[in-house]
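Student: Just passing along the structure, written as structure tokens.
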Amino acid sequence: MKIIFICGSVEQGCDGVGDYTRRLCATLYKLGYSAGIIAINDSSIAKPEAVTQKEDDINVEVYRLPSTLARKERYKLAQEWIEEKNPKWLSLQFVPYSFSEKGIPFSLASELKGLGKGRNWHIMFHELWIGMDDSSSIKEKIIGLLQRLIIKSMVFQLKPITIHTQTHIYKHHLKDLGYQSSLLPLFSNIPVYKEHKNSEKEDITFVIFGGIHANAPIKKFIKEASKYFSKIGKTISLITIGRNGKELDNWIHIWNSSGLSTKQMGEQSKEVISTTLSNADYGICTTPLVLSEKSGSVAAMHLHNLPVICVARNWSTGVQISKKEISVMNYQEGNFHNMIMNANTIHKVDNSANKIAKLFLDSLKINIDG
């Protein structure tokens, strides 16, 4: 086994990072490489489990350690499993709240260091710290400061050969800490099963897949979108699919109050999600613009050739990221017409799992030809 990925949980369909890691393992296997996952803080099981989880028709080897097990025992079992598999690389898939309920895993760096003696380390920063937003609370900023210190300790102790992240803003912050990182775009956990575009539709369908963030300017967006498409004889409707969260009721109420139709599909199979995305006209993202690169929903929409519109609350820091680097359209009050007219200027994203896996291998200096 050449690569073992370390994450918090791998409960299928319940943990985004776990789903991402499992699909990356399956893709690496198809490319001729052996990989497995160790979930070191899994809250969905009661006892250690060495199992396989199927992804893209590949059985991925997984070792799950429950969060209820004493930390010392978890890391002892983890070390034994890693030594048995004898990988050349250990890849940490980092999200602070995956390894600590409070998001402050103080001992993580030293515990991981003990697992990796004589092995190469890679770190993928799916998230860094909270409190980046200028409007963050004092509590969030204090927790964020502690999380930064934990990241610095982790990089110092593990000395990773390669560091990745998915967003330009995270890359900027890592550089400020003194670390050179590379962008590894997020791939979609929803593969394309079949193209189903229906060119004879009379209405324009917007789709939201996954969690909906609060405080988006949805009323203004609906007003402008409805006015724009009514001029060309089209009506608009909304489809929601996946686990949308408590903000869903608010969105449905606003759309219906505007005299527009909605369809709530809830959780569905990957095939149904793929078909729904393929049949839609536009995707809606409610993740703030500079964080949209780390959205699995946006990645899925891109893979299904959907133009994506960001309808989100303002999220600002002192960091300036060029909008040319972001592959979604950013809705602001009054710009809907210009945004749609210039939709073709947004650069396309090739974020297939196969392409990203090859980028990952190349960055680890692994010869993908064998």
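The values are calculated or read from the model by the stated rules, or taken from the named source; none is laboratory data. Source: prediction; values computed, not measured. Reconstructed Cβ throughout: ideal geometry from the backbone, glycine too, with neighbour counts over all protein chains shown. Ligands, DNA and RNA are stripped out before the accessible areas are found, and what is left, the full protein with its side chains, is counted by its heavy atoms. Shrake-Rupley method; radii C 1.70, N 1.55, O 1.52, S 1.80 Å.
Student: Tell me, please, whether a residue that is under 18 Å from the mean Cα position of the chain (by Cα), among the aromatic types (F, W, Y), at pLDDT 90 or above and surrounded by 12 or more Cβ atoms within 10 Å (Cβ to Cβ) can be found in segment 358-367.
Tutor: At the first step, the residues of segment 358-367 found to be under 18 Å from the mean Cα position of the chain (by Cα) are 359-360.
Retained after the next criterion (residues that are among the aromatic types (F, W, Y)): 360.
Cutting the leftovers down to at pLDDT 90 or above gives us 360.
Among the residues that remain, those that are also surrounded by 12 or more Cβ atoms within 10 Å (Cβ to Cβ) are: 360.
Within segment 358-367 (the criterion being under 18 Å from the mean Cα position of the chain (by Cα), among the aromatic types (F, W, Y), at pLDDT 90 or above and surrounded by 12 or more Cβ atoms within 10 Å (Cβ to Cβ)), the answer is yes, since at least one residue qualifies.
Student: State whether the residues of segment 242-265 include one that is touching a residue at least 60 places away in the same chain (Cβ under 8 Å), open to solvent by less than 60 Å² (accessible area, probe 1.4 Å) and more than 20 Å from the chain's Cα centre (by Cα).
Tutor: Keep residues of segment 242-265 that are touching a residue at least 60 places away in the same chain (Cβ under 8 Å), which gives none.
No, segment 242-265 contains no residue that is touching a residue at least 60 places away in the same chain (Cβ under 8 Å), open to solvent by less than 60 Å² (accessible area, probe 1.4 Å) and more than 20 Å from the chain's Cα centre (by Cα).
Student: Let me ask something else about it. Which of the residues belonging to segment 201-222 are over 15 Å from Y282 (Cβ atoms) and over 30 Å from the mean Cα position of the chain (by Cα)?
Tutor: Once the filter is applied, which keeps residues that are over 15 Å from Y282 (Cβ atoms) and over 30 Å from the mean Cα position of the chain (by Cα), segment 201-222 yields only E202.
Every residue, every condition in (1) part of a helix (DSSP H, G or I); (2) charged (D, E, K, R); (3) touching a helix residue (DSSP H, G or I) at 6+ places or on another chain (Cβ under 9 Å), yes or no:
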| site | (1), (2), (3) |
| --- | --- |
| K219 | yes, yes, yes |
| T240 | no, no, yes |
| I252 | yes, no, no |
| T275 | yes, no, no |
| G283 | no, no, yes |
| V290 | yes, no, yes |
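Let's see how each residue does on (1) touching a residue at least 40 places away in the same chain (Cβ under 8 Å); (2) open to solvent by 30 Å² or more (accessible area, probe 1.4 Å):
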{"residue": "S136", "(1), (2)": "no, no"}
{"residue": "K139", "(1), (2)": "no, yes"}
{"residue": "K152", "(1), (2)": "no, yes"}
{"residue": "I161", "(1), (2)": "yes, yes"}
{"residue": "T167", "(1), (2)": "yes, no"}
{"residue": "I190", "(1), (2)": "yes, no"}
{"residue": "K194", "(1), (2)": "yes, yes"}
{"residue": "H213", "(1), (2)": "yes, yes"}
{"residue": "F229", "(1), (2)": "no, no"}
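Student: Something else now. Has segment 336-343 got any residue that is closer than 22 Å to K219 by Cβ, in a helix (DSSP H, G or I) and open to solvent by 40 Å² or more (accessible area, probe 1.4 Å)?
Tutor: yes
Student: Also: Give the residues of segment 296-329 that are modelled with pLDDT under 90 and not hydrophobic (A, V, I, L, M, F, W, C), sorted by residue number. Lay out the reasoning, then the answer.
Tutor: First pass over segment 296-329, keeping only residues modelled with pLDDT under 90: 314-327.
Listed by number, the residues that qualify are N314, S316, T317, G318, Q320, S322, K323, K324, E325, S327.
Student: Could you go through segment 42-52 and let me know if any residue there is of a type in the set (S, T, Y), exposed (fewer than 13 other Cβ atoms within 10 Å of the Cβ) and in a strand (DSSP E or B). Even if it seems obvious, please write down each step before you answer.
Tutor: Of segment 42-52, the ones of a type in the set (S, T, Y) are 43-44, 52.
Still in the list and also exposed (fewer than 13 other Cβ atoms within 10 Å of the Cβ): 52.
The next check asks that each one be in a strand (DSSP E or B); those that pass are 52.
So far as segment 42-52 goes, yes, one or more of its residues are of a type in the set (S, T, Y), exposed (fewer than 13 other Cβ atoms within 10 Å of the Cβ) and in a strand (DSSP E or B).
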